[in-house]
1. Taking residue 61, is it in contact (Cβ under 8 Å) with a residue 12 or more places away in the chain, assigned to a helix (DSSP H, G or I) and out of contact with any Asp or Glu (no Cβ under 9 Å at 6 or more places or on another chain)?
2. Show me the helices (runs of 4 or more DSSP H) entirely contained within the stretch 191-293 in which 1 or more residues are within 16 Å of the ligand (Cβ to nearest atom) and over 30 Å from residue 437 (Cβ atoms).
3. Within the stretch 446-456, is even one residue open to solvent by 20 Å² or more (accessible area, probe 1.4 Å), within 16 Å of the ligand (Cβ to nearest atom) and part of a strand (DSSP E or B)?
4. Residue check, residue 465 against (1) outside the structural domain of residue 119 (by TED's automatic domain parsing); (2) among the aliphatic types (A, V, I, L, M); (3) open to solvent by 20 Å² or more (accessible area, probe 1.4 Å), all met but one. Which one?
5. Could you give every pair whose Cβ atoms fall below 6 Å, whose first residue belongs to the stretch 64-89 and is at pLDDT 95 or above, and whose second residue is of a type in the set (Ser, Thr, Tyr) and surrounded by 15 or more Cβ atoms within 10 Å (Cβ to Cβ), counting only separations of at least 6 or pairs across chains?
6. So is residue 294 under 27 Å from residue 234 (Cβ atoms), open to solvent by 40 Å² or more (accessible area, probe 1.4 Å) and modelled with pLDDT of 95 or more or not?
7. Being near the ligand (Cβ under 10 Å from one of its atoms) and assigned to a loop (DSSP other than H, G, I, E, B) is the filter; apply it to the stretch 140-174 and report the residue that is farthest from residue 328 (Cα to Cα).
8. Output the qualifying pairs, or none if there are none: Cβ atoms under 7 angstrom, residues six or more apart or on different chains, first residue in the stretch 214-240 and over 21 Å from residue 456 (Cα atoms), second residue within 9 Å of the ligand (Cβ to nearest atom).
Amino acid sequence: MSSTVQIAGIEVSTEHFINGKRVASERKFTSISPIDGSKLAEISAGGKVETDAAVAAARNAFPAWAALGPEGRLPILKRFSKNILDNVEKLAAVETADNGSILAGNIMGGMPRAAHNIQFFAESAMKLNVQEIDSPTVNNFVRHDPAGVAALISPWNGPFMLTTWKVGPALAAGNTVVVKPPEWAPLSCSLMADLAQEAGIPAGVFNVVQGIGEEAGAALVSNDDLDRISFTGSTDTARIIGKAAAETLTPTSMELGGKSPFLVFEDADLDKAAQTLAMQYMNAGQVCLAGTRILVAESIADELQNKMKTAVSKLTIGDPREKTTRLGPLITQAHFDRVKGFVDRAIADGAQIVWGGKSAERGGLYFEPTLLSGVDPEWEISQKEVFGPVLTWQTFATEEEALKLANNTRYGLAAMLFTQSQERVARLERTLVAGTLWVNCFFVRELAAPFGGCKQSGIGREGGMWSFDFFCDVKNIAIAKGSLSGDE
Ligand code: NAD
């Protein structure tokens, strides 16, 4: 009998899921809810023993899963997707308790999206047709074969959805997987294992090893029997994983941090820009894609800031389970102190607080939406990812200056551009360094489109065929013309 806890009335296993079975470790780590600091669970803390067992199980299960082909896997993965959809409210409640994200957002957005991820990639894999390339003496046939065993590591700010973004294409392509959930929000991925099993995903195809990043994560990425490592998390952790992957020459995909610019030109729809600027505080700013560096044309700066202030004043801070709440807590005390440290140092450097800058009145891990002006583009606050509700405000006189400021970080995840000029978009779409450029919009993601970061925001692209390119071995079969019976 697996050890379980009740989270918001939902039973969640606190153990690993290896080879179709719940497995406990003697060592445990504690999951604490950022909503009120209450203890949620003592969870098995895996290490080398558990990750080795999970990778071995995945290796054993691989041939049969791969042999099913996309059409054999499709009905199983569709059931998996449906199971997620049927349990949206439960999954959302567990995720909110675990990471403090807004419950309504998880119900309306994150969890249905997770189900869609699984279904979308299962159906897309059916279109992984053999491509033919003719040449004078041979016929070339290009296949996408599953790579083998994939390690999938995700962060705490959206663990369930972000994990399905990897699980979907990995399984659909015929790989088997070992998931390492984030230790600050490990519970929703435990439920994912139950839903996968109920869908009929065979033992060993989908495994979960819980644990601390430096222990379970490090042991997993050092395993020399992995074929792929797909990681979403911080740039600093990516460097450590990259070194481990270099030892075994395991291909990695990295979705990392950001310090994205949000540019507003004098010809923009300022009401829309202001509403979208307020959205940058979403999930208490714990969003990799957030446009944290606001860059505004001098001539409209005051007007835009007033409109943004009105929009931000409507963001109710509070318990993320309440319908009216727009801003929940930061994830841990250590992270809260880190965010506050950035703000305090920026003020010491000479930044001015336009609004916020301190703990919210309700205390705990809640921080006010903050806007800092008078910042230098080279200061820490302009260069490093805060991952909290903290934005900076800078003005520019010319498009050239705006572009220079926008590209002036080591990150390149996203850029937001608000303008009504097609000519401006045509110029800046070529010169802004970002994996995603949103023009007069934000956070609109098409699954078939590529997603990823430039510079230190990532390596590789996920989404649509880009995901399959990563999770597959692309093989060219060159057959001498006329050499096979029945061949012309
Ligand atoms: P993190 O790097 O601390 O942890 C991410 C995951 O890596 C966790 O599961 C953790 O347990 C694991 N990990 C930690 N050390 C490890 C090691 N040595 N070996 C293997 N695994 C290890 O990041 P976080 O604090 O959980 O998440 C926040 C970061 O994630 C931010 O930088 C954010 O921008 C980024 N992020 C990026 C995207 C994207 O799509 N680009 C999406 C969400 C979050």
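The values are calculated or read from the model by the stated rules, or taken from the named source; none is laboratory data. Everything quoted here is computed from the prediction, not taken from an experiment. Glycine gets a Cβ as well: all are built from the backbone with ideal geometry, and neighbour counts include every protein chain shown. To get the accessible areas, we keep the full protein, side chains included, count just its heavy atoms, and leave off ligands, DNA and RNA. Shrake-Rupley method; radii C 1.70, N 1.55, O 1.52, S 1.80 Å.
1. Considered against the rule, which asks whether it is in contact (Cβ under 8 Å) with a residue 12 or more places away in the chain, assigned to a helix (DSSP H, G or I) and out of contact with any Asp or Glu (no Cβ under 9 Å at 6 or more places or on another chain), residue 61 comes out as yes.
2. 218-222, 235-248
3. yes
4. Unmet condition: (1).
5. Every condition considered, the pairs that remain are 65/176.
6. No, not satisfied.
7. The qualifying residue farthest from residue 328 (Cα to Cα) is 154.
8. Filtered contacts from the stretch 214-240: 216/180; 220/151; 220/180; 222/244; 226/151.
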